C-alpha cells in the first residue's frame with residue numbers, strides 16, 4: 001500500500017518538475033526575445049532621431065558631400081559684430097541655399113572677443129548649432145587691426161603639420177562685408193582661370209579705374225591666395241601699419257611688400273547697390289558676382305527677387321506662396 005502511494009507521488013512529481021522546467025525555459029526564451037526586441041526598438045528609434053537631427057542641422061554651402069580633391073578650396077570670413085544675431089541667421093539662409101559646383105567653400109562669421117554675458121551664452125549656442133563662427137583675440141574694431149588679426153591668425157588655425165590634411169588648406173581666403181551679397185556660383189566660375197599663388201582679387205578703387213595695380217580692392221569683399229595670408233602672418237610690414245581704412249591699408253601692405261603680382265579686377269561683376277547712384281554703383285544685372293551696401297531689408301529683398309533665388313522652392317501641400 002505504501003509502495004503504491006510512493007509510486008503515485010513520484011509519477012505526479014516528475015511531470016510537475018518537467019512542466020516547471022519547461023515554463024522556466026520558455027520564460028528565458030521569451031525574455032531573450034523581449035530584450036532583443038527592446039534593443040531593436042531602441043536602435044531603430046535612435047536611427048530615426050539621428051536622421052531627423054541630420055536633416056535639421058545647418059549645412060554650410062561649402063560642405064559639399066560630392067566635393068573632390070580637384071575642387072577649389074575657399075575660406076570666406078564675413079566680418080561682423082557679436083550682437084548681429086539676426087543678420088547671421090539671415091546670411092545662413094542666403095548662403096545655405098547656394099550649391100556651387102567644383103568648390104568647397106567654408107564660410108565663417110568673424111568678430112573679436114565677447115564682452116557681454118548674453119553674448120557668451122547666445123554665441124556659444126550658435127557655435128554648438130552651426131559651427132561657423134571665429135572669435136579673434138582682439139578688441140572689436142573696424143579700422144584698427146581686426147582685418148590683420150583675421151588674416152594673420154589663419155595659418156596657425158588651419159595649417160596641419162602632420163600631413164593629415166591638404167596643403168594649402170585653402171587655395172584662397174576672402175574677407176567679406178556682412179552687407180554684401182556674394183553669388184557663389186558666379187564667384188567660383190570667375191576664380192577657375194586664375195592663379196592660385198600671389199593673387200589679389202576684388203573691386204578696384206577708385207571707382208573710375210579699371211587698373212588693379214593703381215590702388216587697392218574695395219572692402220566690400222576681396223580675396224587673396226593662401227601664400228599671401230602666410231606672408232601677412234610672417235612679415236613685419238603689416239604689423240607696423242595697422243590703423244586706417246582697412247581695405248586701403250591692406251592694399252598698402254601688398255604694395256610695400258611687393259605681393260599680389262597676380263591681380264584680378266572683378267568690376268563690374270562686383271558693384272554697389274544702385275540706390276543712391278554714385279560712381280561706384282551699377283544697376284542689377286545677370287553677370288553679377290557681388291552686390292554691396294545692402295543696408296536694409298528692402299534692398300536685400302529687391303536683390304534676391306532680381307536673381308530669382310527662390311525659384312528652386314519645391315511645391316508642397318503644406319504651403320502656398322504665389
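With respect to residue 247, determine if the residue is assigned to a helix (DSSP H, G or I), closer than 26 Å to residue 91 by Cα and touching a residue at least 24 places away in the same chain (Cβ under 8 Å). It would help to see each step written out before you state the result.
On the way: assigned to a helix (DSSP H, G or I): yes; closer than 26 Å to residue 91 by Cα: yes; touching a residue at least 24 places away in the same chain (Cβ under 8 Å): yes.
Against the criterion (assigned to a helix (DSSP H, G or I), closer than 26 Å to residue 91 by Cα and touching a residue at least 24 places away in the same chain (Cβ under 8 Å)), residue 247 qualifies.
Can you name the number of the only condition in (1) at pLDDT below 95; (2) in a helix (DSSP H, G or I); (3) within 12 Å of the chain's Cα centre (by Cα) that residue 42 fails?
That leaves (3) as the condition not met.
In region 297-322, what count of residues is obtained for those that are without any contact (Cβ under 8 Å) to a residue 12 or more places away in the chain and exposed (fewer than 10 other Cβ atoms within 10 Å of the Cβ)?
12
Would you mind telling me which numbered condition in (1) closer than 20 Å to residue 88 by Cβ; (2) out of contact with any strand residue (DSSP E or B) (no Cβ under 7 Å at 6 or more places or on another chain) residue 291 fails?
Residue 291 satisfies every listed condition except (2).
Conditions: (1) at pLDDT 95 or above; (2) within 25 Å of residue 313 (Cα to Cα); (3) more than 11 Å from the chain's Cα centre (by Cα). Residue 92 meets all but one. Number of the miss?
In the conditions (1) at pLDDT 95 or above; (2) within 25 Å of residue 313 (Cα to Cα); (3) more than 11 Å from the chain's Cα centre (by Cα), residue 92 misses (3) alone.
When you go through 282, 264 one by one, which is the residue that is over 24 Å from the mean Cα position of the chain (by Cα) and at pLDDT below 95?
Selected residue: 282, the only one of 282, 264 that is over 24 Å from the mean Cα position of the chain (by Cα) and at pLDDT below 95.
Output the residues belonging to region 237-251 that are surrounded by fewer than 17 Cβ atoms within 10 Å (Cβ to Cβ) and under 12 Å from residue 205 (Cβ atoms).
Listed by number, the residues that qualify are 245, 248.
Say we look at region 227-236 and pick out the residues that are surrounded by fewer than 20 Cβ atoms within 10 Å (Cβ to Cβ) and touching a residue at least 60 places away in the same chain (Cβ under 8 Å); which of these is farthest from the chain's Cα centre (by Cα)?
Within region 227-236, the match that is farthest from the chain's Cα centre (by Cα) is 233.
State which residue is surrounded by the fewest Cβ atoms within 10 Å (Cβ to Cβ) when the search covers only region 189-222 and only residues that are touching a residue at least 60 places away in the same chain (Cβ under 8 Å) and not in a loop (DSSP other than H, G, I, E, B).
For region 189-222, the residue satisfying everything is 190.
Any residue at all in region 109-125 that is buried (at least 19 other Cβ atoms within 10 Å of the Cβ), under 21 Å from residue 291 (Cα atoms) and at pLDDT 95 or above?
Checked region 109-125: at least one residue is buried (at least 19 other Cβ atoms within 10 Å of the Cβ), under 21 Å from residue 291 (Cα atoms) and at pLDDT 95 or above.
Per-residue answers, yes or no, for (1) under 25 Å from residue 168 (Cβ atoms); (2) touching a helix residue (DSSP H, G or I) at 6+ places or on another chain (Cβ under 6 Å); (3) not in a loop (DSSP other than H, G, I, E, B):
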{"site": "70", "(1), (2), (3)": "yes, no, no"}
{"site": "92", "(1), (2), (3)": "no, no, yes"}
{"site": "95", "(1), (2), (3)": "yes, no, yes"}
{"site": "104", "(1), (2), (3)": "yes, no, yes"}
{"site": "108", "(1), (2), (3)": "yes, no, yes"}
{"site": "128", "(1), (2), (3)": "no, no, yes"}
{"site": "153", "(1), (2), (3)": "yes, no, yes"}
{"site": "156", "(1), (2), (3)": "yes, no, yes"}
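The values are calculated or read from the model by the stated rules, or taken from the named source; none is laboratory data. These numbers come from a predicted model, not from an experiment. All Cβ positions, glycine included, derive from the backbone under ideal geometry; neighbour counts span all protein chains shown.
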